[in-house]
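Below: one structure, written as structure tokens.
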Amino acid sequence: MRWVKRWLTWLAALLGLCLPFIQPRAQESADLLVTGGTVVTMDANRRILSDGAVAIRGDTIVGVGERAEIEGRFAAARRIDARGKLVLPGLINGHTHAPMTLFRGLADDASLRDWLEKYIFPAEKRYVNAEFVTWGTRLAALEQIRAGVTTFADMYYFEDDIARAAKEAGMRAVLGETVIGFSAPDNKTPGEALAYTERFLQRWRDDPRIRPAVAPHSVYLCDKDTLRRSAALARRFHAPILIHLAESQSELEESRAKHGLSSVAYLDRIGVLGSDVVAAHCIWLDAADIALLARRQAGCVHNPSSNMLLASGVAPVPQMLDAGVRVGLGTDGSAGGNHDLDLREEMGMAVALQKVTRNDPQALRAEQAVAMATIEGARALHLEQEIGSLEPGKKVDLVLIDLGNADGVPSYHPYSQIVYALRRPDVDTVIIGGRTVMDHRRVLTIDEPAVLAKARDYARQVQRSAGGVGK
Ligand SMILES: [Zn+2]
């Protein structure tokens, strides 16, 4: 009988060894699974999963992969069936002035300087106050959420009220009070604006979705002292610096005449250009400027609609990308430089503008434009550790785009479809930081009828005012 006993002992030992492999692996818990869609990850390998899934816990992505794998690995109380939809990282609008949406269409067909000095600055002086920016930001948030934008970078006035309205709408935002060399609607001097900014940085620095910034307007509307003090304040708080840079030929000529340098080289000379800068436009650049932007790891935000409508010029986007510059995409404000906050449209514009200007159909491709609106946009805002792609560890900013409408069929290449074919009404569901802000085209965080009614009220006021502004 001894051999039986020994045999049984061996069997028990073998079972003991195998047991951990035989037992079904316990599922990990998640709060939400988005399953069955075409997941466009925008990760380093640009993985596209045609029957993919995303697992979400709290505000963080915990798994991305094939549907079967993710469904086997995670148990979640809630599910979103994404079959027939694209699942994308939320779009990133790298440069705008959100409340200017209430001036949409006020003045067209002017150069940047004329548009600013004859129309926009007087209109702002007259109408912009805390209430105006609150409603303007709500309107802008509504439009952006409907366009699949989950993050926007903004520089305007009464930025504290903008931050409150953005937070209320559930959006992620990088916000800076404009520091400008003349009396603004709220702060009368750059010194006042910087003091306001310091309080703003203190108030918002720990917010999970609002990233406070310092925003000197430009090298042509801020003197050297203001630019340097802005940078010093930003660096004390590890905050980004938002600025307009190399936007017009006249800015370049003025900088050369005054400083003997391009505006990019001047910003570098005075110690402002760095890896915390987010520079909007970057059009009038030479090879040395591009190399400098790459070396300093500054972010650039390309705004093709604005650049075209204000005849500002064509940014050398392909050269910047080749040089390794972080290039995102923005709408700019929607009051003449653009007329909407639809970042998908900017992707199409960016691509078409480079192709036609260079007479080269390969000058910029759809995939590059989608990257500029997502992961490259995150790099431009220096937020690539948090957002811009669908990968474990990143924040849950994602959009579902319906492929069931006429412009969604047929579906061969997701990048091409996103850039050239799909439209704003195809955006179905938007999740920001794990919170659903739009569900089947119903915006949950904004009282839409109230915002539209208020916007109409403002339009009547602006239009009625004797002499008015604009045309
Ligand atoms: Zn701007």
Taking region 150-164 only, how many residues are aliphatic (A, V, I, L, M) and either within 14 Å of the ligand (Cβ to nearest atom) or free of Cβ contacts under 8 Å to residues at least 40 places away in the same chain (or both)?
2
Can you confirm whether region 324-337 contains a residue that is surrounded by 24 or more Cβ atoms within 10 Å (Cβ to Cβ), more than 16 Å from the ligand (Cβ to nearest atom) and among the basic types (K, R)?
yes
Selection count, region 234-253, where residues are away from the ligand (no atom under 16 Å from the Cβ) and in contact with a helix residue (DSSP H, G or I) (Cβ under 9 Å, 6 or more places away or on another chain):
5
For region 160-193, give me each residue that is assigned to a helix (DSSP H, G or I), closer than 18 Å to Q144 by Cα and in contact with a Gly (Cβ under 9 Å, 6 or more places away or on another chain).
I162, A165
Go over the candidates A280, A315, A291 one by one and state the one that is of a type in the set (A, V, I, L, M), in a strand (DSSP E or B) and either within 13 Å of the ligand (Cβ to nearest atom) or touching a helix residue (DSSP H, G or I) at 6+ places or on another chain (Cβ under 8 Å) (or both).
A280
Answer yes if at least one residue in region 189-196 is without any contact (Cβ under 8 Å) to a residue 12 or more places away in the chain and of a type in the set (S, T, Y), and no otherwise.
yes
Among (1) over 19 Å from the mean Cα position of the chain (by Cα); (2) within 16 Å of the ligand (Cβ to nearest atom), there is one condition A130 misses while meeting the rest; what is its number?
(2)
Among the strands (runs of 3 or more DSSP E) contained in region 64-157, which hold 3 or more residues that are buried (at least 24 other Cβ atoms within 10 Å of the Cβ) and either among the aromatic types (F, W, Y) or in contact with a Lys or Arg (Cβ under 6 Å, 6 or more places away or on another chain) (or both)?
149-156
Would you check which residues across region 237-276 are touching a Cys at 6+ places or on another chain (Cβ under 9 Å) and assigned to a strand (DSSP E or B) and list them?
I243, L245
So which residues in region 215-231 are assigned to a helix (DSSP H, G or I) and either at pLDDT below 95 or out of contact with any strand residue (DSSP E or B) (no Cβ under 9 Å at 6 or more places or on another chain) (or both), if there are any at all?
K224, D225, R228
Of all residues in region 360-401, which are of a type in the set (D, E) and touching a residue at least 24 places away in the same chain (Cβ under 8 Å)?
E367, E376, E391, D397
By residue number, the members of region 318-331 that are in a helix (DSSP H, G or I) and touching a residue at least 24 places away in the same chain (Cβ under 8 Å) are P318, Q319, M320, L321, A323
Residue check for A173: in contact with an Asp or Glu (Cβ under 7 Å, 6 or more places away or on another chain), without any contact (Cβ under 8 Å) to a residue 40 or more places away in the chain, of a type in the set (A, V, I, L, M) and within 16 Å of the ligand (Cβ to nearest atom)
yes
Could you tell me whether region 400-414 includes any residue that is in contact with a strand residue (DSSP E or B) (Cβ under 9 Å, 6 or more places away or on another chain), surrounded by fewer than 15 Cβ atoms within 10 Å (Cβ to Cβ) and closer than 28 Å to L102 by Cβ?
no
Restricting attention to region 377-391, does a residue exist that is within 16 Å of the ligand (Cβ to nearest atom), within 30 Å of D428 (Cβ to Cβ) and not small (G, A, S)?
yes
Condition test on T101, is it at negative phi and either outside the structural domain of F152 (by TED's automatic domain parsing) or in contact with a strand residue (DSSP E or B) (Cβ under 7 Å, 6 or more places away or on another chain) (or both)?
no
Find the residue count for region 233-260, including only residues that are more than 22 Å from the chain's Cα centre (by Cα) and either β-branched (V, I, T) or buried (at least 18 other Cβ atoms within 10 Å of the Cβ) (or both).
5
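The values are calculated or read from the model by the stated rules, or taken from the named source; none is laboratory data. Because the structure is predicted, anything quoted here is derived from the model rather than measured. So basically every Cβ, Gly included, is an ideal-geometry build from the backbone, and we count neighbours across all protein chains shown.
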